[in-house]
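Only one structure is covered here, and it is reproduced in the block below.
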Amino acid sequence: MTVASSIPFSVLDLSPVVSGSTSAQALRNTLDLARHTESLGFHRYWLAEHHRMPGIASSATSVLIGQVAAATSRIKVGSGGVMLPNHAPMVIAEQFG
């Protein structure tokens, strides 16, 4: 029995950069967390976007979603937030369908 067998739990990840670490390590941590939550039976893995925040590495959500989806096999991966003022509407429509 998995942790999320009866309730469809989700994770929202901002790819936080731990003090003294790097954005690259934060992105590797995101992949590790996605794999781990998938192994626990979580239903969805959401990635949220933030810009100009040194402690957050998830500024290119559409790219990171692809990386997480490639590193997992069953968990549903998606965007938990796109900052629309930072993107042209057509770009968002094309990237997220």
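The values are calculated or read from the model by the stated rules, or taken from the named source; none is laboratory data. Since this is a predicted model, take the numbers as computed values, not measurements. Note: ideal-geometry Cβ built from the backbone for every residue, glycine included; neighbour counts use all protein chains shown. Heavy atoms of the whole protein, side chains included, go into the accessibility calculation; ligands, DNA and RNA do not. Shrake-Rupley method; radii C 1.70, N 1.55, O 1.52, S 1.80 Å.
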Count - residues of segment 71-97 that are open to solvent by 80 Å² or more (accessible area, probe 1.4 Å) and either of a type in the set (Lys, Arg) or farther than 22 Å from MET53 by Cβ (or both): 7
Unmet requirement for HIS50, which otherwise passes all of (1) at pLDDT 95 or above; (2) open to solvent by less than 70 Å² (accessible area, probe 1.4 Å): (1)
Segment 14-47, residues that are under 19 Å from VAL82 (Cα atoms) and open to solvent by 70 Å² or more (accessible area, probe 1.4 Å): PRO16, ARG44, TRP46
Helices (runs of 4 or more DSSP H) lying entirely in segment 16-97 (those with 2 or more residues that are of a type in the set (Asp, Glu) and either over 10 Å from the mean Cα position of the chain (by Cα) or on the phi < 0 side of the Ramachandran plot (or both)): 23-39
Some residue of segment 84-91 being modelled with pLDDT of 80 or more and under 27 Å from PRO8 (Cβ atoms): no
Hits in segment 3-12 - residues which are without any contact (Cβ under 8 Å) to a residue 60 or more places away in the chain and either in a helix (DSSP H, G or I) or within 14 Å of the chain's Cα centre (by Cα) (or both): SER10, VAL11
